[in-house]
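Reviewing the structure listed below.
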Amino acid sequence: MTLLNLEPALTYHYQIRSEPPIGPATLSEDHTFTTLSLTPEIIDAKFRRITDTLAEIEWQTNLPTRSSIVYEETATGKQETIEDASFLKSHQVTLEHLTPSTNYSIRIKALDEGANASVSSVLPFSSGISLNPPLISQVRISSALIPDRVTTVQTIISWKTDKPATSRVRFGQGTAGELSGETPLESALTFDHVVITTAFRPSSVYQLVAESGDGQGRVGKSDIYLVLAPTPKRSAVDLILQNLDTTFGFINRR
């Protein structure tokens, strides 16, 4: 007899039974056998979507496997690895923070629960070229007086972009008008941006805009944000003198 549809790497019990035309059935002892373990197979690996900064790839395996994905920038040899510890048959991974218009290669490694491994062939791809300006998000602003320098305000502005881009902040005093001031341009192309400035005066209101350019002349701008620079703390003596001056009007301070 042939036993079909057995699971790989699994132990089965079996018993042989024979029944003559006359008399009781004959039974064998209980026996076991273990099916051979299959080697994981990576099937139908393909890219679902490729943009200037990300690539989505999907594939199937004949067994539940966990995955290790290594992708490499062809020109520099720089490698990144993504691990997925879930044992699945259907797999999907998104490669993020790619450099636009750059050649890459990817290799997939599948490992089943029995530590059997399979590695795909090298899959080359190229990130696209985006014609859109960088999209600015997650803008964060904080201001504080520098210790021992109560007239100097340090303001930190940070944000993220959806593609590598430069960093600069434009600002102006007041709640309206032109943004006549600007920080020096940070020409390094990056996804995470931080600009620090000491151009703001204490107790003053400023409006500012974060700017990022992709190096191809396309510049993205954030919304306009209002910032109130902190006010220096006054001593108890200053407050007492101010109250006396307000109440009696006879104190002349220089």
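Can you work out which of the residues in region 175-221 that are among the aromatic types (Phe, Trp, Tyr) and part of a strand (DSSP E or B) is farthest from Leu98 (Cα to Cα)?
Tyr206
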Within region 166-186, tally of residues that are out of contact with any Gly (no Cβ under 8 Å at 6 or more places or on another chain), without any contact (Cβ under 8 Å) to a residue 40 or more places away in the chain and loosely packed, with under 14 Cβ neighbours inside 10 Å: 5
All positions within region 46-65 that are surrounded by fewer than 17 Cβ atoms within 10 Å (Cβ to Cβ) and either in a strand (DSSP E or B) or among the hydrophobic types (A, V, I, L, M, F, W, C) (or both): Lys46, Phe47, Arg48, Arg49, Leu54, Glu56, Glu58, Gln60, Asn62, Pro64
Filter result (outside any loop (DSSP other than H, G, I, E, B) and surrounded by 10 or more Cβ atoms within 10 Å (Cβ to Cβ)) within region 1-45: Tyr12, Tyr14, Thr26, Leu27, His31, Phe33, Thr34, Ile42, Ile43, Ala45
The one condition in (1) in contact with a Pro (Cβ under 6 Å, 6 or more places away or on another chain); (2) free of Cβ contacts under 8 Å to residues at least 24 places away in the same chain that Gly77 fails to fulfil: (1)
Test: residue in region 122-132 that is aromatic (Phe, Trp, Tyr) and in contact (Cβ under 8 Å) with a residue 40 or more places away in the chain: yes
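Condition test on Thr198, is it among the β-branched types (Val, Ile, Thr), over 21 Å from Glu73 (Cα atoms) and buried (at least 16 other Cβ atoms within 10 Å of the Cβ)? Steps first, please.
Numbers: among the β-branched types (Val, Ile, Thr): yes; over 21 Å from Glu73 (Cα atoms): yes; buried (at least 16 other Cβ atoms within 10 Å of the Cβ): no.
So Thr198 does not fit the description; no.
Each reported figure results from applying straightforward, stated rules to the coordinates on display, with no laboratory input. Just so it is clear, the model here is predicted, and its values are computed rather than measured. Here the Cβ is made from the backbone with ideal geometry for all residues, glycine too, and neighbour counts use every protein chain on show.
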